[in-house]
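To start, the structure itself, in structure tokens.
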Amino acid sequence: MTSAHQNYPRFNREQLLETVGHIGDCGFRRVICVATSDDMLRGCALHRNQKQLSIEDLRKQEIEIGVAAIEHAKRKGMSEVNVNFQDFLRADLGFLKQFARAAAAAGST
């Protein structure tokens with residue numbers, strides 16, 4: 001399991017894909033955890049020193065990073081890639097639907 005939204009100590013696409021690859025190399029299946037509520041997205045932004053970003057930018061970034069992680073896992077040969085929409089009960093329904101469609105299109109199972 002890896003988080004698309006936190007990835008300590010550095011947060012960037014390369015680090016996330018490195019983590020996803022390492023998990024797969026160890027023989028584990030992948031569960032990509034993504035933030036969905038505005039509160040969680042803002043909390044992650046504070047953690048990454050990105051508090052200046054708007055909620056729209058944070059949502060866009062979370063979808064892009066989550067999709068990149070799913071696609072990378074699929075390229076690494078993992079037939080099953082699951083997504084954990086964290087804090088989804090407090091998420092904006094329109095954003096959640098958009099994110100779910102993007103995850104499905106990227107190949108999540």
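Does R13 satisfy the condition of being farther than 15 Å from D92 by Cβ, open to solvent by 70 Å² or more (accessible area, probe 1.4 Å), modelled with pLDDT under 85 and of a type in the set (K, R)? Taking the combined requirement at face value, the residue satisfies it. All conditions in (1) of a type in the set (K, R); (2) open to solvent by 40 Å² or more (accessible area, probe 1.4 Å); (3) out of contact with any helix residue (DSSP H, G or I) (no Cβ under 9 Å at 6 or more places or on another chain) hold for R48, with the sole exception of (2). Taking first residues from region 50-61 that are in contact (Cβ under 8 Å) with a residue 24 or more places away in the chain and partners that are open to solvent by 50 Å² or more (accessible area, probe 1.4 Å) and of a type in the set (D, E, K, R), no Cβ contact under 7 Å between residues at least 6 apart in sequence or on separate chains turns up.
Per-residue answers, yes or no, for (1) of a type in the set (A, V, I, L, M); (2) modelled with pLDDT under 95:
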{"position": "S3", "(1), (2)": "no, yes"}
{"position": "L41", "(1), (2)": "yes, yes"}
{"position": "A45", "(1), (2)": "yes, yes"}
{"position": "R48", "(1), (2)": "no, yes"}
{"position": "E56", "(1), (2)": "no, no"}
{"position": "N84", "(1), (2)": "no, yes"}
{"position": "A91", "(1), (2)": "yes, no"}
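When you look at N84, is it of a type outside the set (D, E, K, R) and within 10 Å of the chain's Cα centre (by Cα), yes or no? It is true that N84 is of a type outside the set (D, E, K, R) and within 10 Å of the chain's Cα centre (by Cα). Picking from residues in region 53-109 that are hydroxyl-bearing (S, T, Y) and surrounded by 13 or more Cβ atoms within 10 Å (Cβ to Cβ), the one that is nearest to G43 (Cα to Cα) is S108. Pairs are defined by a Cβ separation below 6 Å, a sequence spacing of at least 6 or placement on different chains, a first member in region 38-49 that is more than 15 Å from A91 (Cβ to Cβ), and a second member that is surrounded by 14 or more Cβ atoms within 10 Å (Cβ to Cβ); the pairs so defined are A45/L53; A45/L58; R48/F11.
Which members of region 26-45 meet the condition of being open to solvent by 50 Å² or more (accessible area, probe 1.4 Å) and among the charged types (D, E, K, R)? Listed by number, the residues that qualify are R29, D39, R42.
Against the condition at pLDDT 90 or above and small (G, A, S), how does G66 come out, does it pass? Taking the combined requirement at face value, the residue satisfies it.
The values are calculated or read from the model by the stated rules, or taken from the named source; none is laboratory data. Owing to the predicted nature of the structure, the values given are computational and were not obtained by experimental measurement. Positions of Cβ are generated from backbone atoms using ideal geometry, with glycine treated the same way; all protein chains shown enter the neighbour counts. Accessible surface is based on the protein model in full, side chains and every heavy atom, while ligands, DNA and RNA are left aside. Shrake-Rupley method; radii C 1.70, N 1.55, O 1.52, S 1.80 Å.
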